[in-house]
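Student: Dumping the structure here so I can ask a few things about it.
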Amino acid sequence: MSILASKPRVEPLAIGVSVRDDTLHVVLTDGREILVPLEWFPRLLQATSRQRNKWRLIGGGVGIHWPEVDEDISVESLLAVS
């Protein structure tokens, strides 16, 4: 009889975010970096630079929230499309 031990799934969490004129850049705890076009997120694309730079991590890094733009983006969704 053999027992397969599975590794516990480690959920990647965001630790850093920057928004440029045309890209969203997210740094994860596991060392990966996600770079996606800002056009995927119309609210962020239309926001001012000041509004884009006013973000906070939510759920311990599970997602990112922009309060002035009312935008929430999860790390999981970024990994699914990148």
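The values are calculated or read from the model by the stated rules, or taken from the named source; none is laboratory data. Everything numeric here is computed off the predicted structure, so don't read it as measured data. Cβ placement follows ideal geometry from the backbone for every residue including glycine, while neighbour counts extend to all protein chains displayed.
Student: Looking at region 3-13, is at least one residue in contact with a helix residue (DSSP H, G or I) (Cβ under 6 Å, 6 or more places away or on another chain) and at pLDDT 95 or above?
Tutor: Checked region 3-13: no residue is in contact with a helix residue (DSSP H, G or I) (Cβ under 6 Å, 6 or more places away or on another chain) and at pLDDT 95 or above.
Student: What are the pairs, 6+ residues apart or on separate chains, where a residue within region 65-76 that is of a type in the set (Val, Ile, Thr) has its Cβ under 7 Å from a residue that is at pLDDT below 95?
Tutor: Qualifying pairs under 7 Å: Val75/Pro12.
Student: Any chance you could count how many residues in region 42-82 are over 12 Å from the mean Cα position of the chain (by Cα), crowded, with 16+ Cβ neighbours inside 10 Å and not in a helix (DSSP H, G or I)?
Tutor: Qualifying residue count for the region: 2.
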